[in-house]
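**Student:** Before I ask anything, here is the structure I am working with.
Read the figures in this text as sums done on the coordinates, not as results from a lab. Since we're looking at a predicted model, the values are computed, not measured. So basically every Cβ, Gly included, is an ideal-geometry build from the backbone, and we count neighbours across all protein chains shown.
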C-alpha cells in the first residue's frame, strides 16, 4: 500500500499512541513516595486545564497531594516528555537527512559542547538561577550553540555542507571537548561527582520555568520540521536524487540543521546527555509508521515522549529514594531492543 | 527528430578544483530520440550528464534548456523539464516501490499537499509502461537490480519532463535486463515523446539503440553523429586504443564491434603464455 492509502490507519495508530502518552503521564504521576490514585491524579491535572478545569474540583483531596502532583511530579514528567520528543524527532530528521541509520542527535557534537559549558558552570560554582533557569543550563545551552557553529563552519565548503564532513567534524570536536571536560574534572576533584551526574542525564531538577523555555521551542521546531517531511523522504534517497526531484537541498539542510541544533541544545541543557532515545525511537516507530517522514516524524514525537516518561518513572522509582540516572535507564532498556531490531533485520536480509 | 533544439551546450568547461574534466564542450541536442554518450573511463561522460542535470552547477550561459539558461531554473521548475536516473539509487530505509515512483510527482506537489488521485494515476501509467506495476507493494530494497532500475525510470517518467537523463542505466545488469531497459527507453521515446540522453559503456548496445552518439575523449567531444559515423575502426582505435573489427549486425543492421587487441598488444602476448 502507498502512503496515502495507509494514512487512515496511520492516523488511528497515532491517536492510540497519543492516548498511550496521556495514560503514561497520569500513571507516572501516581508513582512515588506519596500514594496518589490514578483517578486523583486525573482530577488534579484536569483541574488545572483552562476552561474545562472549572468542572472538576479538587475538594476533598489532600492538598499536599495536589502540591506534589502539580509542583514536583508533573513538571518532571512533562519535561521528560518534551526532551523525549525533541531527541526522537531530531534523530529521525538527521537519519533521513544524512541518509544514515546511525545518526543520532549527538552526532554533530552538540552534547559535548553542552557538557563543557555545564562543567565550567559547575566548577565556577554558579549555583544561581536566572529567572528560574539555572546557570548550569544557560552555560550548557551557550556551549552547545557555540559548538555547532564551530562544527558547521569547519564542515562548510563554500555554501555547501557535505554530510560526511559535518559528521566527521562533529566527531573530532566531540572528542576534543570531552577531553577538556576530563581535564576540568582532574583539576576539580571535588566537583567530579556533580559533573559526572550531569553528563549522565537527568530531569530531576525540572521546573515549570524550564518547561516554559523548552515547550515553545519544541512545538515551533516540530511544526517547521513537519513542513519538510516530503523533502526528507527525497533526501533519504540521496542528495542528488532529492535535487533532481526539485528539493532545494542545501537550503533545506541549513534550515533543518539550525532547528535540530536548537532543539538538541535546549534539551541537553535542561537534562544533560540522555543517550539512545534519539537513535532508537526512530527505528522503533518505523515498524509502525513506515519510513515516510510524514508519519515517521509525528510518531517519533509521541513515541519519544512515551519512552522518556516511562524511563524517567523507572529512574526515580525503581531504587527509590535513590535515583538511577535516566540516561542509564534509556540505554539499558534501549540497547537490547536495538539489538533485537538488528537481529530481525539480519534474518530478513539473509533468509 | 523534428529539428527543434531542446538543449544547447555552449563552451562548457568544468573542473573539480584545479583538475579540468570538461573542456569547451559544444553540443546541440534535438528533440526526440536517444542520445548515447560514450567514451573511455574518465573521459567526462558522467560529468557532462551531471552538468546537464545540474547536479553540478555549470557556469552561466553554458547550458540552455528550452532556450533558457539552466542556472535560471529553480530546482522545482528544472525537475519539470529534466528527469535524472542516477547510476545507483540506494534507499537507506524501507519504501514501497510505488511510494518511490510517486516521489517523481514532487515537483508538482505543494508543501502541505498530498499526492492526488491524478498523481497516483500518472504513477500507475508509468509503472505499467516500465513493467513494475506488479512490484508496487514490495520494498524497494527487496527487488532485483533490474526491477529497481525500472522503478527509478518509472519515477523519472512521472516527472513528465521532456528530457530524461540516465547515468549508465544498464552497466550493472545482465544481458536480458539490459535489452529490457533499452526497449523500454526506445518505447518511451516513441510513445511519450521523451528525449533520452544516457551515458553508456557497451558500444554494441549503444549502436543498436541510440539514434545519435556523442563520443567523448579526455574531456572533449571527439565526434558526434549517427552510430554508423562513430562506430568505426579508426575512430575506436584513436579514442580507446583498441584494435577492433566493425561489422554490420546481421539482424538490426547497426554497426557491431568486435575488439581483438589493445594498442600495445599486451593482451595478445599474455594470452599466448
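**Student:** May I ask for the distance between the Cα centers of the stretch A:168-209 and the stretch A:233-308, given as a whole number of Å?
**Tutor:** Here the two parts' Cα centres lie 25 Å apart.
**Student:** Taking the 0 to 90 degree range and rounding to the nearest ten, how far is the long axis of helix B:117-129 tilted relative to the main principal axis of chain B, both from C-alpha atoms?
**Tutor:** 30
**Student:** Right, here's the next one. Where does helix B:175-191 land angle-wise versus the long Cα axis of chain B, in degrees 0 to 90, nearest 10?
**Tutor:** 60
**Student:** Let me ask you something else. Who wins for biggest fluctuation among A:211, A:51, A:324 in a Gaussian network model of chain A, springs between alpha carbons below 10 Å?
**Tutor:** Checking each option, the largest mean-square fluctuation is seen for A:51.
**Student:** If you build a Gaussian network model of chain B, linking Cα atoms that sit under 10 Å apart, which residue out of B:239, B:101, B:214 swings the most?
**Tutor:** Maximum fluctuation in the GNM of chain B, among the listed residues, is at B:239.
**Student:** To continue, here is another question. Just the C-alpha atoms of the protein assembly as shown: what Rg/Rh do they give, with Rh taken as the Kirkwood radius?
**Tutor:** Radius of gyration relative to Kirkwood radius: 1.08.
**Student:** Please report the antiparallel percentage of the DSSP beta bridges confined to the protein assembly as shown, to the nearest 5.
**Tutor:** 65
**Student:** Equivalent-ellipsoid semi-axes (√(5λ), Cα gyration tensor) for the stretch B:75-132, whole Å, largest first?
**Tutor:** 17, 16, 13
**Student:** Testing the spin-label approximation: label points 7 Å from Cα along Cα→Cβ at residue A:18 and residue A:100. State their distance in nm.
**Tutor:** 3.4
**Student:** A further question on this structure: Using only DSSP helix segments of four residues or longer, with each worth -39500 (n - 2.57), what per-residue ellipticity at 222 nm results for chain B after dividing by its residue count and rounding to 500?
**Tutor:** Computed mean residue ellipticity for chain B: -9500 deg cm²/dmol.
**Student:** Once the Cβ-Cβ distance between residue A:59 and residue A:193 is put in as r, and R0 is 45 Å, what FRET efficiency do you end up with, to the nearest 0.05?
**Tutor:** Taking R0 as 45 Å, the efficiency between residue A:59 and residue A:193 is 0.50.
**Student:** Quick one: check the C-alpha center-to-center distance for the stretch A:62-136 versus the stretch B:92-153, whole angstrom.
**Tutor:** 40
**Student:** So if we plug the beta-carbon distance of residue B:179 and residue A:179 into 1/(1 + (r/R0)^6) with R0 = 56 Å, what FRET efficiency do we get, rounded to 0.05?
**Tutor:** With a Förster radius of 56 Å, E is 0.40.
**Student:** Beyond 18 Å, what share of the Cα-Cα pairs of the stretch A:8-54 remains, rounded to the nearest whole percent?
**Tutor:** It works out to 44 percent of all Cα pairs.
**Student:** Limiting things to C-alpha atoms, what are the Rg and the maximum Cα-Cα separation (Dmax) for chain B, in angstroms?
**Tutor:** 19.5, 68
**Student:** Oh, and also: Gap in Å between the Cα centre of the stretch B:1-49 and the Cα centre of the stretch B:64-88?
**Tutor:** If you average the Cα positions of each part, the centres end up 14 Å apart.
**Student:** Residues of the stretch B:160-179 with backbone nitrogen within less than 11 Å of a virtual label 7 Å along the Cα-to-Cβ line of residue B:252, please, listed as ranges.
**Tutor:** B:179
**Student:** Test of understanding: express the Cα radius of gyration of the stretch A:145-297 as a ratio to 2.2 N^0.38 Å, with N the residue count.
**Tutor:** So the stretch A:145-297 has a normalised radius of gyration of 1.20.
**Student:** What list do you get for B:174, B:99 if you sort them by fewest beta carbons within 10 Å?
**Tutor:** So the residues, fewest neighbours to most, are B:174, B:99.
**Student:** Can you put B:211, A:292, B:234 in order of Cβ neighbours within 10 angstrom, beginning with the fewest?
**Tutor:** B:234, B:211, A:292
**Student:** Could I ask something else about it? Per DSSP H run of at least 4 residues, take -39500 (n - 2.57); add these up for chain A, divide by its residues and hand me the 222 nm value, nearest 500 deg cm²/dmol.
**Tutor:** -24500 deg cm²/dmol
**Student:** Let me ask you something else. Would you mind checking the tilt of helix B:145-158 against the longest principal axis of the Cα atoms of chain B, expressed as 0 to 90 degrees and rounded to 10?
**Tutor:** So the inclination is approximately 60 degrees.
**Student:** Arranged by the count of other C-beta atoms within 10 angstrom, fewest first, what order do A:338, A:307, B:95, A:299 take?
**Tutor:** The order, fewest Cβ neighbours first, is A:338, B:95, A:299, A:307.
**Student:** Give the value in nm², to one decimal: projected area of the alpha carbon convex hull of the stretch B:168-255, averaged over all directions.
**Tutor:** Convex hull of Cα atoms, orientation-averaged projection: 6.3 nm².
**Student:** Please state the equivalent ellipsoid semi-axes for chain A: what are the square roots of 5 times the Cα gyration tensor eigenvalues, largest first, in whole Å?
**Tutor:** Ellipsoid half-lengths, sorted descending, are 32, 28, 18 Å.
**Student:** Right, another one. Sketch the reach of a paramagnetic label on residue B:57 as a point 7 Å from Cα along Cα-to-Cβ, and name the residues of the stretch A:164-198 whose backbone nitrogen lies under 20 Å away.
**Tutor:** A:164-166
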